[in-house]
Each structure stands twice: as structure tokens, then as C-alpha cells.
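Worksheet for the structure shown next.
The values are calculated or read from the model by the stated rules, or taken from the named source; none is laboratory data. As the structure is a prediction and not an experimental result, all values here were calculated from the model. Every residue, glycine among them, receives a Cβ derived from its backbone with ideal geometry; neighbour counts consider all protein chains shown.
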């Protein structure tokens with residue numbers, strides 16, 4: 001049995017053989033051109049090497065880093081366009097030629113350690129002139145060494161410039177941080193030191209002790225004041241007033257005059273009346289003296305009597321100014337004690353305020369310490385950055401004096417001839433022919449694969465199996481000899497070898513469709529896949545099995561093919577198709593050569609086929625034939641051309657799809673199956689029409705003319721294999 005892939009390739013070869021032959025001829029022509037080309041002139045290869053180098057003595061870390069970075073230059077840098085152009089201009093060579101002829105091999109890094117496996121950089125240059133090859137390689141190596149030195153120097157200068165650019169800013173930031181710390185120490189450092197050495201706590205304790213001493217002193221003074229008050233019968237204010245009035249000589253004189261005047265008035269009152277001028281004069285003198293006494297008392301006490309309470313009447317003033325020396329001394333002592341007490345109270349209030357201020361300062365000491373620590377850290381950070389930049393600048397300036405190229409010449413160029421084997425013309429032609437066969441065959445296979453068409457029945461079978469759709473049968477190609485112009489191949493003879501395949505199709509349809517299957521709709525995805533041929537021959541197989549069978553051509557967009565069954569269509573049916581379908585006696589025809597087989601030919605082509613299929617005449621026709629016949633076969637229009645099959649589908653019990661190798665598109669068949677299954681339209685299965693199946697003739701038919709048989713390899717005298725093309729609809 002021929003494998004499916006071979007069958008697909010044979011079919012594609014028949015269709016695209018000229019494209020494959022053209023590809024083969026093109027490859028062979030190219031190999032012939034290569035074979036007849038003259039031998040190229042001899043070439044020479046100059047080989048040299050560079051090595052990674054370091055300065056003899058290195059005093060700076062920056063210099064070592066620059067040298068290490070110089071060893072990481074890649075091929076793009078070492079063979080840059082500028083370098084190649086400079087060398088080419090110096091030696092009068094085209095830059096493109098030089099770049100294409102030079103080869104550079106860098107040492108590889110160890111994947112585990114990351115270190116270079118070697119320090120050697122191989123350089124090769126190919127040229128037809130050995131002297132020029134050597135000169136080019138020497139110039140290239142010198143240019144690479146100089147390039148490495150320039151790159152190292154440029155990197156170092158960039159570092160120095162960057163540090164010099166940022167150094168003033170770092171210095172300014174350090175000075176600003178130090179100034180902040182200095183100002184803060186000037187303002188808050190004494191308090192912090194006092195808290196740290198304990199003097200602040202000692203000041204709080206001393207203030208508390210002073211407050212206790214002052215309070216004790218005030219208590220003693222209060223006791224003395226109370227004792228003197230008990231002796232004098234006066235409070236402090238009264239004692240102050242009495243002492244001041246008693247000590248004033250003017251008040252004493254005025255009191256004496258007042259006593260004298262009162263004495264005269266008392267003596268003369270017995271002899272003189274109050275209206276007597278002398279009495280009036282004495283009264284006026286007394287009144288003047290009292291006024292002077294009261295005025296002087298106010299002056300002595302001071303503050304118009306607000307500093308100390310002063311009696312309002314002259315009697316009270318005379319009473320307050322009559323202290324004797326002993327009582328006056330006690331009053332002065334009490335006033336002095338009161339003054340001392342007030343002084344001590346002011347001192348106590350001052351001590352309380354100082355203690356509160358000291359306590360507030362002590363409570364703020366942690367925050368001040370944290371702020372000072374932050375300022376110290378900022379100064380330390382700025383100083384560290386500034387010191388690092390200073391150290392880096394010093395290190396970079398030291399490295400500036402010792403920076404050299406990271407490369408040195410390890411091996412001078414040596415020139416060797418590049419010997420090549422002579423070209424073999426037969427071998428070149430043989431390789432070209434082989435490649436031509438491979439390319440031509442590949443082109444044919446690729447074009448066949450890109451069509452998207454099923455090539456063999458095995459391909460259709462695999463696609464149906466993937467979608468879990470039943471395969472109802474595989475029908476071989478049928479001969480098309482002696483057919484009318486509109487005819488299709490049918491198996492009218494009961495001895496036909498093809499009847500067995502349609503009988504198998506009928507039995508599988510009955511088995512899968514069940515006993516209730518009476519109306520079968522047969523369609524395909526596109527034209528020329530053999531749906532009409534399958535419908536006619538299925539009807540013949542069912543009729544020969546004793547079933548009363550009716551074939552209805554519902555493809556109203558195409559003319560009828562009933563002449564293949566020796567039935568002539570009604571020429572007037574196209575004019576009035578609804579009247580045609582309304583009369584069963586006119587539209588149903590008996591097939592003369594097959595018993596129990598009837599057909600309703602299509603009146604097509606009809607312009608409004610959809611309206612006819614949806615008419616009441618078609619509905620009554622389908623209801624009538626369902627009762628009269630055992631099996632009704634509906635031959636419909638392809639699904640890709642119109643929706644006529646879906647319009648007539650409600651009258652059917654199941655759908656059968658027809659597929660054909662070399663005609664059915666893979667995507668169209670898959671979409672049709674998916675749509676029918678998803679819509680639950682009753683897809684029963686699929687048949688493969690026009691399959692490449694060989695049929696062995698019986699011994700009695702050995703005399704059949706070979707002209708009606710296929711010319712495929714494998715046909716012998718004992719068994720002729722029929723596999724000819726069919727003009728299937």
C-alpha cells in the first residue's frame with residue numbers, strides 16, 4: 001500500500017512539476033557557473049598576537065582599575081570603523097577591503113571563575129601580497145596599542161575632571177555642616193555639659209535647699225511679728241504709721257499747740273460765750289492746727305495714705321502719734337521684720353522660677369544631645385566624603401603618571417601561504433545536481449502543502465477522526481466514458497463493481513441514522529466534490545435493496561442532471577417552478593432502468609431559489625413524499641455557495657457531507673462540520689468521493705478493453721485496476 005505522504009507528493013508533482021524542474025535547472029545552472037569559474041589567485045595569511053600588559057610598578061588602585069578595564073575592550077572597539085579607516089588611509093587600502101580581510105580572536109572567559117583563560121589576542125590578515133599583509137598587521141597592532149593607551153588616559157582624565165568638579169561642592173557642604181555644629185555648640189553646649197557633669201542637677205538641688213532655708217527664715221520672722229503685734233496691739237501697717245507720726249517733731253509741736261489751744265478753750269469756756277471773739281479766735285486757731293496736723297500726717301506717712309493706713313479723723317491721728325519711745329522701738333522692729341519678710345518672699349519666688357527654668361533645661365537635654373549627635377554625624381559624613389574624594393584625586397593623579405596601554409605586541413607578524421585544494425568540476429556539478437533535486441522536490445512539496453486541500457482519502461479520514469465525525473463510506477473514481485454532456489457516472493447495472501461501495505454507504509447510513517431516518521440531505525462544502533453523483537448512486541443502491549426511493553434535486557441554482565438516469569426534465573418547469581412542485585403527477589418521474597427509484601428533477605436554474613424552497617408548495621411536497629416513500633434523498637446546493645441547504649434542512653432527518661481529495665479545502669470542511677455540530681442540525685457523517693481505491697475485475701471481465709482502464713502501475717493481466725477521473729458534480 002502506498003504511504004499517504006507519497007500519494008500527496010505524486011499529486012503535487014503532477015501539478016507543480018514544471019516549477020520543480022525550473023528550480024532544479026536554476027540550481028544546476030548555478031553550480032555550472034561555479035564549476036567553470038577560474039581558480040582565484042593565491043592568498044597569504046599574516047599571523048600575529050597582542051598580549052595584555054600592566055605597568056612595571058603600580059602605586060595606585062585607580063591605575064590598576066583602569067588597566068583592568070582596558071582588558072575588556074571587545075572586537076567592535078578594537079576594529080572600529082575609525083581605526084580601520086586610519087590604517088587603510090595610511091597604507092592606501094580600501095577600508096572595506098581591510099575590514100573584511102582582518103580576523104581578531106579574543107581570549108575566552110572561564111564560566112566558573114570569570115577569569116580570562118589566556119592573555120593572547122590573535123590577529124590574522126589575508127591578502128594576495130605577503131609584504132602588504134605584514135605591513136597592515138603591524139599598523140593594526142600599533143593602532144590598537146595606541147587606542148588602548150588613549151582610552152585609558154581618557155578614562156583617567158575623566159575621573160580627575162569629575163572629582164575636581166565635585167570637590168568644591170563637597171568642601172562647601174563640609175564647611176556648612178561644621179558651622180552649624182559650631183553655632184549649636186555655642187548656644188547649647190554649656191547646658192549639655194552641665195547636664196553631663198551633674199552641675200545642672202546640683203543647681204536644682206541648691207535652689208531647693210535655698211527655698212527651704214528661706215521658708216524657715218520667713219517662719220521665724222512671722223513668729224516675731226506675731227509676738228510684737230500681741231504686745232503693741234497693732235498690726236504692721238498701724239505700727240509703721242504710729243512710729244512715723246510719733247517720731248516727727250513737727251507733728252509733736254502741732255500736737256503741743258493743739259493741746260495748749262484746747263486748754264485755753266476749756267479755761268475760757270466757763271467765762272466766755274462761744275460767740276465771744278476770743279473763743280472764736282481760739283476755735284479758728286484749733287481748726288487751723290488740726291488741718292496742719294492732718295496735712296503733716298499725710299506727708300509723713302507718704303503716698304497720700306496709700307502706703308500705710310491713716311486714720312481719717314484728727315482724733316485718730318492724735319491717737320496714732322502718741323507712742324512712747326519703748327513702744328516706738330517695738331513698732332520700728334516689727335516694720336523692719338515685715339520688710340525682711342517681704343524681701344525673703346521675693347527671694348523665694350526667684351528661687352522657684354530658677355528651679356522651674358533649670359528643670360525645663362534638663363528636660364530638653366536629650367533632644368539637644370540627639371540634635372548635636374545628628375550634626376556631628378553630618379559633619380563626619382561630609383568629612384568622609386571630602387576625604388575620600390581627596391584620596392581618590394591623589395590616587396588618580398598618581399595613576400596619571402603610570403598609565404600605559406593595556407596591550408603590547410606579543411608576536412610579530414609571520415606570513416604563510418594559504419594553500420587551497422584545486423576545485424573539482426565533476427564534484428561541483430554533482431553537488432549542484434543533488435541540491436537541485438532536493439530544492440526542486442522541496443518546492444513541489446511546499447507548494448502542495450500550502451494549498452490547504454486534502455490530497456488523499458487518508459487525510460480526510462484523519463480530519464474526520466479528529467472531529468469525531470463518522471465516515472460513512474469511501475467511493476472510488478468511476479469511468480466517464482459514453483456520458484451525455486450534462487451526465488454524471490451512475491451504476492445502473494446490477495453487476496457494476498461500484499454498486500458494492502454504495503451499498504456499504506447505504507447500510508452505514510441506515511445503521512447510524514436509525515429506523516426513523518427517511519429523509520437524507522446530501523451536500524458538500526464546494527462544487528465538483530460529487531454530491532449529485534453520491535445522491536444518485538445512493539438512491540440506486542437503496543432502490544435495488546427493495547426500498548421505495550425518491551431523489552429530489554433541490555439545487556435550484558444549477559440545471560438538472562437527470563439525463564444520466566435516462567429521465568428528461570420538464571422544459572416548462574423553469575417558467576413556473578411553484579406550479580411545477582404543486583403537481584406531484586408532473587414533477588415525480590420514474591427511473592426506467594431501476595425499479596422502485598423515482599426522481600423530481602430540478603427546474604433550475606431558478607433566480608429566486610430561496611423563495612421557492614421556503615414556499616408552501618415545497619412544504620406540502622415534503623410532507624407528502626415522507627408518507628409515500630421509504631427513503632427520500634435531497635440533493636442540495638454546496639454550503640459555500642449559498643444557504644439553500646440550510647433552508648431545506650428542516651425537512652430532513654440528517655445531513656451527509658461529501659468530500660473529495662484534491663477538491664475539498666481543509667478549512668472549509670472543518671468549519672462546515674463545526675457549524676453543523678454546534679447548531680445541532682443532525683450531521684450523520686461524511687463520505688469520501690473519488691477516493692484512490694483500486695478495483696480488481698473478476699476473471700470473466702478479463703477481456704475488457706484496456707482503453708477504459710487506468711494506466712496506473714500495477715495493472716496486470718490477472719487483475720486490471722480501474723482508477724480513472726470522473727466528471728463529478
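Checking the conditions here, which among 62, 89 is in a helix (DSSP H, G or I), modelled with pLDDT of 75 or more and surrounded by 15 or more Cβ atoms within 10 Å (Cβ to Cβ)?
62
When residues of segment 553-566 are filtered for being part of a loop (DSSP other than H, G, I, E, B) and crowded, with 19+ Cβ neighbours inside 10 Å, how many remain?
6
Checking the condition modelled with pLDDT of 80 or more, within 30 Å of residue 345 (Cα to Cα) and in a helix (DSSP H, G or I), which residue from 281, 328, 224, 238 passes?
On the way: 281 fails: within 30 Å of residue 345 (Cα to Cα); 328 fails: modelled with pLDDT of 80 or more; 238 fails: modelled with pLDDT of 80 or more.
After applying the criteria, what remains is 224.
Just to be sure, is residue 531 in contact (Cβ under 8 Å) with a residue 40 or more places away in the chain, in contact with a strand residue (DSSP E or B) (Cβ under 8 Å, 6 or more places away or on another chain) and buried (at least 19 other Cβ atoms within 10 Å of the Cβ)?
yes
Would you confirm whether any residue within segment 110-118 is assigned to a helix (DSSP H, G or I) and either touching a residue at least 12 places away in the same chain (Cβ under 8 Å) or in contact with a strand residue (DSSP E or B) (Cβ under 8 Å, 6 or more places away or on another chain) (or both)?
Checked segment 110-118: no residue is assigned to a helix (DSSP H, G or I) and either touching a residue at least 12 places away in the same chain (Cβ under 8 Å) or in contact with a strand residue (DSSP E or B) (Cβ under 8 Å, 6 or more places away or on another chain) (or both).
Quick check, is residue 523 within 60 Å of the chain's Cα centre (by Cα) and buried (at least 24 other Cβ atoms within 10 Å of the Cβ)?
Criteria met by residue 523.
Give segment 206-219 a look and list any residue that's surrounded by 13 or more Cβ atoms within 10 Å (Cβ to Cβ) and free of Cβ contacts under 8 Å to residues at least 60 places away in the same chain, or say none.
Matches in segment 206-219: 206, 213.
Can you spot a residue in segment 125-141 that is buried (at least 16 other Cβ atoms within 10 Å of the Cβ) and under 22 Å from residue 156 (Cα atoms)?
No, there is no match, as no residue in segment 125-141 is buried (at least 16 other Cβ atoms within 10 Å of the Cβ) and under 22 Å from residue 156 (Cα atoms).
From the list 48, 23, exactly one residue is touching a strand residue (DSSP E or B) at 6+ places or on another chain (Cβ under 6 Å), surrounded by 12 or more Cβ atoms within 10 Å (Cβ to Cβ) and at pLDDT 75 or above. Which is it? Step through it out loud before you land on a result.
Values: 23 fails: touching a strand residue (DSSP E or B) at 6+ places or on another chain (Cβ under 6 Å).
Result: 48 is the single residue among 48, 23 that is touching a strand residue (DSSP E or B) at 6+ places or on another chain (Cβ under 6 Å), surrounded by 12 or more Cβ atoms within 10 Å (Cβ to Cβ) and at pLDDT 75 or above.
Pull up segment 568-608, narrow it to residues that are assigned to a helix (DSSP H, G or I) and out of contact with any helix residue (DSSP H, G or I) (no Cβ under 6 Å at 6 or more places or on another chain), then point me to the one that is surrounded by the fewest Cβ atoms within 10 Å (Cβ to Cβ).
Filtering segment 568-608 for residues assigned to a helix (DSSP H, G or I) gives 577-582, 584-587.
If we keep only those that are out of contact with any helix residue (DSSP H, G or I) (no Cβ under 6 Å at 6 or more places or on another chain) as well, we get 579, 584-586.
Numbers: 579: 14, 584: 13, 585: 5, 586: 14.
Residue satisfying both the conditions and the ranking: 585.
Just a yes or no: is a residue in segment 245-264 touching a helix residue (DSSP H, G or I) at 6+ places or on another chain (Cβ under 7 Å), part of a helix (DSSP H, G or I) and over 24 Å from residue 322 (Cβ atoms)?
No, segment 245-264 contains no residue that is touching a helix residue (DSSP H, G or I) at 6+ places or on another chain (Cβ under 7 Å), part of a helix (DSSP H, G or I) and over 24 Å from residue 322 (Cβ atoms).
Could you tell me whether residue 550 is touching a helix residue (DSSP H, G or I) at 6+ places or on another chain (Cβ under 6 Å), in contact (Cβ under 8 Å) with a residue 60 or more places away in the chain and either surrounded by fewer than 24 Cβ atoms within 10 Å (Cβ to Cβ) or not in a helix (DSSP H, G or I) (or both)?
Yes; evaluated as a whole, the condition is true for this residue.
Residues to consider are 106, 98, 137; find the one that is under 29 Å from residue 403 (Cα atoms), touching a residue at least 24 places away in the same chain (Cβ under 8 Å) and under 47 Å from the mean Cα position of the chain (by Cα).
That would be 106, the only listed residue that is under 29 Å from residue 403 (Cα atoms), touching a residue at least 24 places away in the same chain (Cβ under 8 Å) and under 47 Å from the mean Cα position of the chain (by Cα).
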